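See below for the structure under consideration.
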Amino acid sequence: MDDATTARHDRRAELAAGLAQVRARIADACAAAGRDRTEVSMIAVTKTYPAADVLLLTGLGVTDVGENRDQEAAPKAAEVAAAGATPRWHFIGRLQRNKCRSVVRYADAVHSVDSVRLTRALAAAAERERERPLDVLVQVSLDGDAERGGAVADGDASPEQSLDRVAAEVAGAGPLRLAGLMAVAPLDWEPARAFARLAALAAALRADYPEATAISAGMSGDLEVAIAHGATHVRVGSALLGKRHSLR
Ligand SMILES: *Cc1c(COP(=O)(O)O)cnc(C)c1O
């Protein structure tokens with residue numbers, strides 16, 4: 001084997017080992033919570049890693065991939081598609097309105113919708129660029145600090161970032177499908193407190209929109225806690241692919 005082939009084999013073995021570990025963690029967490037393993041999807045967060053890693057992961061059976069920046073995700077998705085792989089792409093990062101037209105071309109779901117204005121831009125883009133509706137999860141700010149992203153559940157939220165209004169806007173937009181909620185545990189909160197609050201908000205949302213069943217929560221460090229609190233999608237980066245070198 002030449003050096004490049006050897007390197008690819010080594011990387012494949014590394015990813016296979018990470019994947020086996022993460023899958024075991026998810027299975028154990030489901031068992032501990034009395035949940036069926038099929039209730040939890042794993043999204044491999046491939047930000048900062050190349051398309052070659054996405055292809056190795058899809059070769060190992062990964063079906064869902066997450067990215068947080070359009071500048072990086074758009075060319076990566078194109079490269080993966082050109083190689084014949086068709087994972088579902090989840091956009092999980094801060095989204096600017098001027099990136100919506102690009103994102104809706106490759107994304108199957110956007111987890112980070114947190115304002116009425118962004119919802120309208122995304123709906124307009126999806127209307128122009130897509131045949132099928134786009135799955136949307138409304139990102140919630142669990143500590144109410146909207147500065148760091150996320151719609152806010154409490155009455156004192158600005159109308160623009162009120163969870164109720166954003167959810168209603170998504171649900172009312174033909175090219176979008178309200179799939180559920182997403183959150184990141186605030187740094188200074190116990191994950192259990194964060195994911196319990198998210199579970200309560202998700203239950204309230206389902207009362208109004210029974211089809212909005214997705215709860216996107218849990219990352220490499222806290223996926224067990226998220227699964228204990230009902231997560232349906234865990235977003236796992238470093239535990240699968242290794243520690244990222246940049247601060248993203
Ligand atoms: C990077 C990222 C993840 C994955 O984080 P890890 O700790 O590497 O598993 C999950 N969710 C979002 C929104 C991210 O930006």
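The values are calculated or read from the model by the stated rules, or taken from the named source; none is laboratory data. Worth saying up front: this structure is predicted, and the values here are computed from it rather than measured. In this analysis, Cβ positions are derived from the backbone assuming ideal geometry, glycine residues included, and neighbour counts consider all displayed protein chains.
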Q: Could you name every one of the helices (runs of 4 or more DSSP H) located completely within region 114-221 that has at least 1 residues being of a type in the set (Phe, Trp, Tyr)?
A: 191-208
Q: Check off (1) closer than 16 Å to Arg132 by Cα; (2) buried (at least 22 other Cβ atoms within 10 Å of the Cβ); (3) within 16 Å of the ligand (Cβ to nearest atom) for Val104 and give me the number that stays unchecked.
A: (3)
Q. Among the residues of region 191-237, which ones are charged (D, E, K, R) and over 15 Å from the mean Cα position of the chain (by Cα)?
A. Arg193, Arg197, Arg206, Asp208, Glu211, Glu224
(Q) If Ala231 meets every condition in (1) assigned to a loop (DSSP other than H, G, I, E, B); (2) closer than 17 Å to Phe91 by Cα apart from one, which number is that one? (A) (2)
(Q) Being within 16 Å of Glu39 (Cβ to Cβ), more than 13 Å from the ligand (Cβ to nearest atom) and modelled with pLDDT of 95 or more is true for just one of Ala231, Ala196, Ala212. Which residue is that? (A) Ala212
Q: With the condition kept exactly as written, say whether any residue in region 159-179 is touching a residue at least 40 places away in the same chain (Cβ under 8 Å), within 16 Å of the ligand (Cβ to nearest atom), buried (at least 23 other Cβ atoms within 10 Å of the Cβ) and not acidic (Asp, Glu).
A: yes
**Q.** Residue ID - surrounded by the most Cβ atoms within 10 Å (Cβ to Cβ), chosen from residues in region 228-248 that are more than 19 Å from Leu57 (Cα to Cα) and out of contact with any Lys or Arg (no Cβ under 7 Å at 6 or more places or on another chain)
**A.** Ala231
Q.
Give me the residue from region 77-92 that is within 16 Å of the ligand (Cβ to nearest atom) and crowded, with 22+ Cβ neighbours inside 10 Å and, out of that set, farthest from Arg130 (Cα to Cα).
A. Ile92
